[in-house]
Structure formats: structure tokens, C-alpha cells
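The values are calculated or read from the model by the stated rules, or taken from the named source; none is laboratory data. Every value quoted in this text rests on a predicted model; they were computed, and no experiment measured them. Every residue, glycine among them, receives a Cβ derived from its backbone with ideal geometry; neighbour counts consider all protein chains shown. With ligands, DNA and RNA removed, areas are computed over all heavy atoms of the protein, side chains included. Shrake-Rupley method; radii C 1.70, N 1.55, O 1.52, S 1.80 Å.
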Amino acid sequence: MSTRTVYADNNATTMVAPEVAEAMQPYFTELYGNPSSMHLFGGQVKKYIDQAREQVAALLQADPSEIVFTSCGTESDNAAIQGVLAAQPEKKHIITSRVEHPAVKNVFQHLGKNGYRVTELTVDRDGQLDLDELREKLDGDTALVSVMWANNETGVIFPIQQVAEISRQAGAAFHTDAVQAAGKIDIDLKNTPIDLLSISGHKLHAPKGIGALYVRKGTHCVPFIMGGHQEHGRRAGTENVPYIVGLGKACELALQHMEEENTTVKALRDRLETELLEKALDASINGDRKHRLPNTANISFKYIEGESILILLSEVGIAASSGSACTSGSLEPSHVLRAMGVPFTRVHGSVRFSLSRYNTDDDIDYIIENMLRIENRLREISPFGRDELNAGS
Ligand code: PLP
């Protein structure tokens, strides 16, 4: 086991920022009252929830009253989709894309088996949507369009402003899963006609188990979890105060570090890609290189197995993930890369490196050095070794 760790799997989850952990601490042992209590000991906590709501709203350029705290990105996605459909039961057509995270994909699949007509928009070889296809598929029966802002596997950013405008013109509600986009790129809900938007704490240096759903003022959304009056009746359950405070702090930090994410982190990612493309025998980038998250590199090494790469990377302390199989414990190769038409020989050899502001130049050197060594080693034992690639097969 290596003594060094290089964490390059930030699209899977992130380290809790030290400032976030520190901000949360008092709410476990000192300010632990129930914010709904009549007594001051509990009641005083409410203002910290309000403060966190303001911090989340600031990151999204939304009004604090439009933010609902949830337990995670998956809950936010479910609450948005199910809630908005329950509010307009007469409409039975719903639209999504082929490359959604299971938190949306599986909800649509379930709805498809329960009376809804589901349209899955295709993507091209770069993983991009065709807006004309969206225009064609929308009709008077379309209740909802749910399309992610940025893809977790490739980092591809969809043209959300246009998707939202087109959906609104057609009279459909629009939800976006912004779990990967939030904190990495600018989100301006004042000027983008999005009705509902999901975020998750653990993708932006807050803990796992906290998320938020933005619900635009005036959007009809039937509560998904019913019970007490918390969150103005939009999401029942005693508030998870420490985690809500943590999410607020993480959003505040994300806003402060946005510039760094798009300069320093992007430069690290770009160097990683450039050097691997240059020095590996056969490597290629998956996803639209112009419209991509600054931290994500999805790279295919033709003819070698992503799993083998990951295991060997892990042996030297590098954490990354693979799009070839087992990304989420399933044995299926990535539905995202397949939807993009990436050939099987490349899907199987795909590795995702996702960086954060905690990565350094040294980390990138270490990844490059080890990745090239691993590629070399695996090509030696691959039935399609270096000779075939050199011969152009
Ligand atoms: N949506 C996207 C795009 C994701 O990447 C993830 C997590 O990987 C989720 C939703 C689910 O978020 P959570 O783990 O907070 O439920």
C-alpha cells in the first residue's frame, strides 16, 4: 500500500473543507436545540438555518425563500420531478436526456412504467444535446423537462439557458440536476428560467447527507416528504442543523473559490490531459472540450481495461474512477459513453480524473508518471499490445 494519496475522484465525493467542519462543530454539542422549539435554546438556532439559506441562495443567485434543504442530491431530484408532476396530473409526457445520473434516469424509468410517455434526448459524439430535437419532442402534453447542467462522468456542460427557454416557451416545467455544476461554474437563477434545480453538499466540500432544492417562486410542486411544517411545509422532518450550516459555509467558500476553480484547477486538468494525450500510446478525451467542467478529465486508453488501470492506480495511492464498468457497482459499461457512441474498445479503457482546489501540481506529476507506467505495463500483457497500435489497428 502506498503511503501517498492523490485524490482525483471529486465528482464522486469531496473532502469536507476544514472551514466547513469547523463551522458545523458547535451545532452538535452546544447549539443542538430544535429550531421549532418555543424556548430560546432551540429557537435561537433558526437564524443559523436562515443564514445558510442565504449562503446557498447567493451561490445560485436565487432568493433565499426559494431554497429547500433536503438530505442529498438524489432526494432533491426525486422531490422536484415527482412534486412537479403531482401538481399537473393531466399532463403525461416527460423529457430527459440519455446521459442523466441514476438519480434522475431511474425516476424517469419508473414513471415510464407508470403511465408516463418518456422521451430521452440523444447526445452526439461530444456528449452534446441537439436543441432542435428538444423543440420537436415538446408538445402540449409535456409536463416536465429534466436535463442535467453538467455531466458527472464527462463534465460536459449542457446549454441550460437555451434548454430552459425552449421548455418555458412550450409551457413545460424545467428541472436541472446541477449537482456537478454547482460551485464549479456560474449559476444565475435570476436570469435563467429554471423552475427547479438540485444540488448536493458532498460534491462541493460539505458533508454527505445534505442537499438543497431550488424551487422558483410560483412553481407548483407538491411536497414529496410530508409531516411537520419545516421548510414552510415543503420538506418535513426536523432540520439537520449542523449539515445545513455546513452546506451554507461550503456554498460561501465555493463562491469565493469559483475563479480559482476556473483558472488554477482548470490548468491542472488541462496539463494532465495534454501530457497524457502526448505521451500515452493511444489516449483520447471523451466529451465536448469547449463546454466542460474545469475539473473533469474523462480519458480513454484504447484496448486496456479501465478496472485494471484503477486497481493499479489505487496501489500507488491514486483515487480515480472508471466509466467502463462498476462506476456505481453495476456491471454495465457507462451509459453516458455508450450514448455518445464511444466505441467499446475505448469505453472499456476509460478513466475519469476529477480534481478539486485541494489538488497540486505535484499531484498531477504523480498521476502522469504513474498513469504512463501503468499504460505501458498493461499494454505489455494486452492481447492488443503496442505493435497493433503502432500498426494503426
Ligand atoms: N446527480 C449527479 C449528476 C450526481 O453526480 C450525483 C452523485 O454522484 C447525484 C445526482 C446524487 O447526489 P447524492 O449522492 O447527493 O444523492
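Taking the range 158-172, which residues are out of contact with any Ser or Thr (no Cβ under 7 Å at 6 or more places or on another chain) and either in a loop (DSSP other than H, G, I, E, B) or open to solvent by less than 30 Å² (accessible area, probe 1.4 Å) (or both)?
Across the range 158-172, the qualifying residues are Phe158, Pro159, Val163, Ile166, Ser167, Gly171.
Residues being part of a helix (DSSP H, G or I) and of a type in the set (Lys, Arg) are entirely absent from the range 213-233.
Flag: Gly209 matches the condition of being under 25 Å from Tyr27 (Cα atoms), in a loop (DSSP other than H, G, I, E, B) and within 13 Å of the ligand (Cβ to nearest atom). For Val265, the conditions (1) under 19 Å from the mean Cα position of the chain (by Cα); (2) assigned to a loop (DSSP other than H, G, I, E, B) are fulfilled apart from (2). With the condition kept exactly as written, say whether any residue in the range 204-219 is surrounded by fewer than 16 Cβ atoms within 10 Å (Cβ to Cβ), closer than 18 Å to Phe174 by Cα, out of contact with any strand residue (DSSP E or B) (no Cβ under 6 Å at 6 or more places or on another chain) and assigned by TED's automatic domain parsing to the domain that holds Lys47. Yes, the conditions are met somewhere in the range 204-219.
The set of residues from the range 269-304 being open to solvent by 40 Å² or more (accessible area, probe 1.4 Å) and more than 17 Å from the chain's Cα centre (by Cα) comprises Asp270, Arg271, Thr274, Glu275, Leu277, Glu278, Lys279, Leu281, Arg289, Lys290, Tyr303.
Quick check, is Gly183 assigned by TED's automatic domain parsing to the domain that holds Ala80, open to solvent by less than 20 Å² (accessible area, probe 1.4 Å) and in contact with a strand residue (DSSP E or B) (Cβ under 9 Å, 6 or more places away or on another chain)? The answer is yes for Gly183. A count restricted to the range 90-109 and to residues that are open to solvent by 30 Å² or more (accessible area, probe 1.4 Å) and away from the ligand (no atom under 16 Å from the Cβ) stands at 3. With respect to Ser65, determine if the residue is assigned to a loop (DSSP other than H, G, I, E, B), farther than 16 Å from Ile210 by Cβ and either touching a helix residue (DSSP H, G or I) at 6+ places or on another chain (Cβ under 9 Å) or in the same structural domain as Lys266 (by TED's automatic domain parsing) (or both). No; evaluated as a whole, the condition is false for this residue. Across the range 330-366, the number of residues qualifying as more than 18 Å from Thr154 (Cβ to Cβ) and part of a helix (DSSP H, G or I) comes to 6. Of the residues making up the range 301-308, none is farther than 18 Å from Glu375 by Cβ, part of a loop (DSSP other than H, G, I, E, B), charged (D, E, K, R) and at pLDDT below 95.
Checking the conditions here, which among Leu134, Leu121, Leu111, Leu129 is touching a Lys or Arg at 6+ places or on another chain (Cβ under 8 Å), aliphatic (A, V, I, L, M) and free of Cβ contacts under 8 Å to residues at least 40 places away in the same chain?
Leu121
Within the group Lys266, Lys208, which residue is among the charged types (D, E, K, R) and either free of Cβ contacts under 8 Å to residues at least 24 places away in the same chain or touching a Gly at 6+ places or on another chain (Cβ under 9 Å) (or both)? Only one candidate passes the filter, namely Lys208.
Condition check ((1) assigned to a helix (DSSP H, G or I); (2) of a type in the set (Gly, Ala, Ser); (3) within 22 Å of Ala181 (Cα to Cα)) across all residues:
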site: Thr14; (1), (2), (3): no, no, yes
site: Val20; (1), (2), (3): yes, no, yes
site: Ser37; (1), (2), (3): no, yes, no
site: Gln55; (1), (2), (3): yes, no, yes
site: Thr74; (1), (2), (3): yes, no, yes
site: Asp77; (1), (2), (3): yes, no, yes
site: Ala80; (1), (2), (3): yes, yes, yes
site: Gly83; (1), (2), (3): yes, yes, no
site: Glu90; (1), (2), (3): no, no, no
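I'm checking my understanding of the structure. Among residues of the range 35-56 that are more than 20 Å from Pro207 (Cβ to Cβ) and surrounded by 15 or more Cβ atoms within 10 Å (Cβ to Cβ), which one is nearest to the ligand (Cβ to nearest atom)? Top of the filtered list is Lys46.
How about the range 1-26: which of its residues are away from the ligand (no atom under 16 Å from the Cβ), under 21 Å from Ile244 (Cα atoms), out of contact with any helix residue (DSSP H, G or I) (no Cβ under 7 Å at 6 or more places or on another chain) and of a type outside the set (S, T, N, Q)? Correct list: Pro18, Ala21, Glu22, Pro26. For the range 68-89, the set of residues classified as among the β-branched types (Val, Ile, Thr) and within 16 Å of the ligand (Cβ to nearest atom) consists of Val68, Thr70, Thr74, Ile81, listed by residue number.
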